[in-house]
Amino acid sequence: MTGSGDWRFRDARAISLVARALVLANALVSLLTTLVLTMRPESETGLFVLAGLSIVQLLTLVAAAVAALRWLYLANANARALGATDLMGSPGWAVGWFFIPLANLVMPYVTIRDTWKASVNPRDWQAVRTPVAVGLWWGCWLIANFTSGITAAMDFERGFEAELAPEAQTLGLVSTLFWVAAALLFAWIIGRVQAAQSDPAHLGERFA
């Protein structure tokens, strides 16, 4: 299926399911890891469990990022194939903004927002209302990353082998909770955008 310009519509249902599953899996493992860490395990078994959870957390994070960015590329390209014009940048830039310092504080939100709107009504996407969930997702994402950075700095100051200060543990828990909230919201966003693009005959009505 072809759309505006040279963009070709490609079915992204499979990658959307994989991305959602991995995002939610990482959220669950992140929460479990943080809870175990706050219990300050001292036994060999407890430390082994914590190490295992940390490895799984890292693996699911990398896998979720790859799948989510692949889905975002396809979703942005598909919105163009359905007829959306004047979208900023390209599908490649939709992914690339996440890796550019300073720009990654704003542009990923703009990309997700516009991809949502262009999926709902490709022919008049600028007039589509931005759902509150998109703003909440981005707010949770920023807070999670900001607090995580502070926690890492506090951990570095005390030495990575030293016991974390209570303040750092509390901040780490706050970061994880916002991370989980961001993951839940992003999984929901993926589902709704994919639903819109999978039923182009009723795009203008589904999320009006």
Inset, instruction - Quick one: W116 ticks every box in (1) crowded, with 20+ Cβ neighbours inside 10 Å; (2) over 19 Å from R10 (Cα atoms); (3) not aliphatic (A, V, I, L, M) except a single one, so which number is it? - result: (2)
Legend entry - Any hit, region 10-18, residues being part of a helix (DSSP H, G or I), touching a residue at least 60 places away in the same chain (Cβ under 8 Å), basic (K, R) and closer than 27 Å to W141 by Cβ: yes
Legend entry - Among the residues listed as A51, A27, the single one being more than 22 Å from D124 (Cβ to Cβ) and in contact (Cβ under 8 Å) with a residue 60 or more places away in the chain: A27
Legend entry - Residues satisfying the stated conditions in region 67-100, i.e. on the phi > 0 side of the Ramachandran plot and without any contact (Cβ under 8 Å) to a residue 60 or more places away in the chain: D86, G89
Inset, instruction - Could you check, for region 94-116, whether at least one of its residues is basic (K, R), in a helix (DSSP H, G or I) and at pLDDT below 95? - result: no
Legend entry - Exclusive hit being farther than 28 Å from W7 by Cα and in contact with a Phe, Trp or Tyr (Cβ under 7 Å, 6 or more places away or on another chain), set I150, I143: I143
Legend entry - Unique match (being surrounded by fewer than 20 Cβ atoms within 10 Å (Cβ to Cβ) and closer than 22 Å to L184 by Cβ) among G135, G83: G135
Legend entry - Top-ranked residue of region 47-64 - restricted to ones that are farther than 20 Å from A168 by Cα and modelled with pLDDT under 90, ranked as surrounded by the fewest Cβ atoms within 10 Å (Cβ to Cβ): F48
Legend entry - Odd one out for A67, checked against (1) closer than 22 Å to G135 by Cβ; (2) at pLDDT 95 or above: (1)
Inset, instruction - Can you tell me which residue among T147, T151 is at pLDDT below 90, part of a helix (DSSP H, G or I) and on the phi < 0 side of the Ramachandran plot? - result: T151
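The values are calculated or read from the model by the stated rules, or taken from the named source; none is laboratory data. The shown structure was predicted, so the numbers you read here are calculated from the model rather than taken from an experiment. Cβ sites come from the backbone with ideal geometry, for glycine too, and all protein chains shown count toward neighbours.
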